[in-house]
Amino acid sequence: MSKISLVLVENHDLTRVGLLAALKQVENIDVLGAAPDGHQGVKIIKEKNPDVAIIALNLPDIDGIEVTQRLKKDPHTHSTGILILTNTTNEEDVLAAFVAGADSYLLKDIEFNQLIEAIKNTHEGNAWIDPNIANIVLQQIKKPVTDKVEPASVSAPRSSNGLSNNNSSLQLEEKTIINETSMELLEIYPLTDRELDVLKLIVGGCNNADIAEKLCITVGTVKTHVRNILNKLCVDDRTQAAVRALRSGLVE
């Protein structure tokens, strides 16, 4: 299996040195280089043409969004997977990063094994979105859909007690919108193979400890996967996730 070539663009010295040291220990990742700012980052990425570039958002010269734009516009680097790694959950920054062409967006407090999985998924063409900012993307997707909802008609049918059924009609419309939004979100940010493994075990009635044991991962990692799954399926709890998984055919 060929290694995933990678370049890191990170202005914080300790973070950059620490990540480089850790990434170089990963068997199937080939670190081609690193840069402390945007201009050097663009230069080295164009020279090395890596599979994936990890880019910090707040760089000292040009920010990660502009770096992403330049790379995606260049025919020699547009296929490089861009993984934004930052501390900010600011809505404008998040949306601007995706508009610029970022493939994945992670916060720096993510576990290292999750970062590795995100790198792999980005390389495979699958977006990876941190659960802490997933709702920002979800709300953006929902806007054009919810704008289409028409006010309930004055002549709405009435229930047996003489009260209007407007509320139930609106609730039905809201459920339809949420279901459609969930499918749209899954098309943009599909469940990873590992998340599908976790979802299947959730459907099977396993708790976090059971899932951790069966998949040989930590309970903390399971919780991260569960948060990702709930956000991507637009549900509030595991039971709703299981129902949606079965109804949508994600799990048989």
When (1) within 16 Å of D130 (Cβ to Cβ); (2) surrounded by 15 or more Cβ atoms within 10 Å (Cβ to Cβ) are applied to I29, the one that fails is (1)
Among I202, I116, the single one that is in the same structural domain as N28 (by TED's automatic domain parsing), surrounded by 12 or more Cβ atoms within 10 Å (Cβ to Cβ) and at pLDDT 85 or above is I116
Going through region 223-241 in order, the residues found to be among the aliphatic types (A, V, I, L, M) and surrounded by fewer than 21 Cβ atoms within 10 Å (Cβ to Cβ) are V226, L230, V235
Here the residues within region 13-22 that are free of Cβ contacts under 8 Å to residues at least 24 places away in the same chain and either of a type in the set (V, I, T) or buried (at least 18 other Cβ atoms within 10 Å of the Cβ) (or both) are R16, V17
Within region 202-252, the residues that are under 12 Å from L191 (Cα atoms) and part of a loop (DSSP other than H, G, I, E, B) are L250, V251
Of the candidates A156, A102, the one satisfying the condition of being small (G, A, S), modelled with pLDDT under 85 and not in a helix (DSSP H, G or I) is A156
Scanning region 71-89 residue by residue, those more than 21 Å from I119 (Cβ to Cβ) and assigned to a helix (DSSP H, G or I) turn out to be K73
Of V31, V67, the only residue that is in a strand (DSSP E or B) and either touching a strand residue (DSSP E or B) at 6+ places or on another chain (Cβ under 7 Å) or on the phi > 0 side of the Ramachandran plot (or both) is V31
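The values are calculated or read from the model by the stated rules, or taken from the named source; none is laboratory data. In this text the structure is predicted, and so the values were computed from the model without any measurement. As a convention, Cβ positions derive from the backbone with ideal geometry for all residues, glycine included, and neighbour counts pool all protein chains shown.
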